[in-house]
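Reviewing the structure listed below.
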Amino acid sequence: MRELTGISASPGITIGTAFLYIDDAFTVPRYDVDESDLEREYERFEEALEKATQEIIELKDQTSSSVGGNENNFLDAHILMIQDPDFADQIKQNLKGKKKNVEWILQQTIEGVINKLSSSQDSYISERSIDLHDVSKRVLNHLMYRERISLADLSAEVILVTHNLLPSDALAMNTRKVKGIAMDAGGKTSHTAILARAFEIPAVLGLSAVTSIARTGDTIIIDGNRGKVIVDPDEETLKTYEEILQKWQQREVQLATLNQLPAETQDGKHILLGANIEVPEETDAVIAHGADGIGLFRSEFLFMQPGGVSDEEQQYEAYTRVVKSVEGKPVTIRTLDVGGDKAIPGFEQHSEKNPILGWRAVRFCFSRTDLFKIQLRAILRASVHGDLRIMFPMISGVEEVDRALELLEEARSECREKGQPFNEDIPVGIMIEVPSAALTSDILARKVDFFSIGTNDLIQYTIAVDRGNERVAYLYEPFHPGVLRLIKMVIDNAHSAGIPVNMCGEMAGDPIATVILLGMGLDVFSMSSFSIPEVKQIIRSTSMMEAEELVGEIMEMKSYREIDEHVRGWMNAGYNLEGYTG
């Protein structure tokens, strides 16, 4: 038995038979080409490009009706890559310079670009190298007359084990037969992760060595909730997970009955549960899991696509598609949160010793007002199609709020000059994720229409702990008294000013934290769509009076361990909420 830990990319638990999918093991030939034959080599390349383009178009047509959303939109970017004239010119120049066969020239050229992308510290950019690999492999298949293996032909239910599943393979696979995915590479923002979540297939990525351990036919367990994969489990482990799976399936059926019910406490307090999304394709899951809207729409994907930064029309269309798809429910768009360790491809990058405290979010946007105002105009224009809201990230003080509102007013004026309609009263909020913002939240609350607490960064900055550093990750504790006091302060100051408070960090979807946040008076919990039913059930099992009494008790406690133990004991003793407190 081998247990591996990776990245939980798509939740759920499944047990099945491994299918090892390795589609990379072929050798590209290398041989000299005479000067007189170089033109023919390039013609072969152009013919392969044309065939690959047609193949992608056919795949997009075939899958448009089956995926139930826009999950195949990345294929448009693949077509742009193939048709990029700079790409073709680079191949032509390398052919003339090295006088080798075009298959080898293509492979060498692509490997250089992929290595550069993969070495980026920004996970989003490094993961985009898989798109380039997908496109080049498709062209190579045509150059070498090699038939592409298809996952669409799977006839038995399997757990897919692979090194790095190409996006087009993930899109074409028989989703009725793929019950789980275990992958060496990849992260939460990879196409494979996005598609796994869209298809609701449990997936664990970033496992590094699962393909060297698992073999076709092995029994394998995927625990997408905890990011665990167990290969060839022993009898005791298998029996344990069979029981866990049975309870998980029963629980999913039970929770599904709550989708159309409100998140209302036993004494009648109605709480809004929003969803966090990365891309428009996730809106189907938002509706399916009974969300009250989208509390956080991360807009970075529009600036990091393979085809380059999206222009105003493309952004307008994306925002409009999302706000229309939720049919009148609120959608909060967080403005561009990049810079520092998250760079935009094609833009000048600056090395920073501490990028988390550096040139990012609104700080970046204030220096690139051209990009910022394009986004603001696109959001304003989309606001006529539904309940759309704007949210500025990483605000540290009132000066930044004033500057952001000033630029928003400029964007409004530009829309008016062009005769472009927008909601003149669009709600504007800020994220509270910096301690200075929390401590001055009484001042900031008089400037905006709502707050959204970003606990991921607020906890990190408050405790001074890098949550990505395994040596100190144990200190990253949401129940630290200092963190809880700041959260309570923000909520109280917002309510004194008459504005609501959302929370969009991971803490909002943590069932153990639900009753605490409820008792503190949080108005909107925003989380992954999959977490909504669990949080909703806890809210419906609790009264506000009980939650407030619990908060009164823990605010007198001195350590996060004491608080954690007290809350878990309280939940188990009072509500028998098995499964929430593991």
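All of the numbers you see were taken from the coordinates with simple rules; none came from a lab. Nothing here was measured: the structure is a model prediction, and the numbers come from that model. Note: ideal-geometry Cβ built from the backbone for every residue, glycine included; neighbour counts use all protein chains shown.
Things worth noting here:
- Radius of gyration and maximum dimension Dmax of the stretch 242-317, Cα, Å: 17.5, 52
- Scaled against the 2.2 N^0.38 Å expected of a compact globular protein of N residues, the Cα radius of gyration of the chain reads 1.02.
- Mean ellipticity per residue at 222 nm, deg cm²/dmol - from DSSP H runs of n ≥ 4 across the chain, formula -39500 (n - 2.57): -14000 deg cm²/dmol
- Under the combined filter of DSSP loop state and at most 11 neighbouring Cβ atoms within 10 Å, the stretch 482-582 retains these GluC sites (Glu not before Pro): Glu556, Glu578.
- Between Gly552, Ile539, Leu38, the Cα set farthest toward the positive side of the dipole of the chain (charges on each charged residue's Cβ, about the Cα centre) is that of Gly552.
- Rounded tilt (10° steps) of 312-325 against the dominant C-alpha axis of the chain: 60
- In degrees, nearest ten, helix 85-98 long axis to first principal axis of the chain (Cα): 40
- Short to long, the 10 Å bins of the Cα pair-distance histogram for the stretch 418-551 hold 12, 39, 33, 12, 3, 0 percent of all pairs.
- Computed about its Cα centre, the charge dipole of the stretch 265-553 is approximately 200 debye, with only Lys, Arg, Asp and Glu carrying charge at their Cβ.
- In Hz, Karplus ³J(HN,Hα) per residue of the stretch 446-463 (6.51, -1.76, 1.60; θ = phi - 60°; x = Gly, Pro): 7, 9, 10, 9, 6, 10, 9, 8, x, 5, 4, 7, 4, 5, 4, 6, 5, 8
- Ranked list, fewest to most other Cβ atoms within 10 Å of each Cβ, for Tyr31, Tyr21: Tyr31, Tyr21
- Spatial separation of Cα centroids for the stretch 246-278 and the stretch 176-240, in angstrom: 26
- Candidate lysines for bridging to Lys100, where Cα separation is under 18 Å - those fewer than 8 sequence places away on the same chain excluded: Lys92
- At q = 0.19, 0.20, 0.30 Å⁻¹, base-10 log of I(q)/I(0) for the stretch 375-436 (Debye sum, equal scatterers on each alpha carbon): -0.70, -0.76, -1.29
- Debye log10 I(q)/I(0) at q = 0.24 Å⁻¹ for the stretch 230-279, Cα point scatterers: -0.93
- C-alpha long axis of helix 481-496 to longest principal axis of the chain, angle in °: 70
- Descending Cα extents along the principal axes, the stretch 265-553, whole Å: 54, 45, 35
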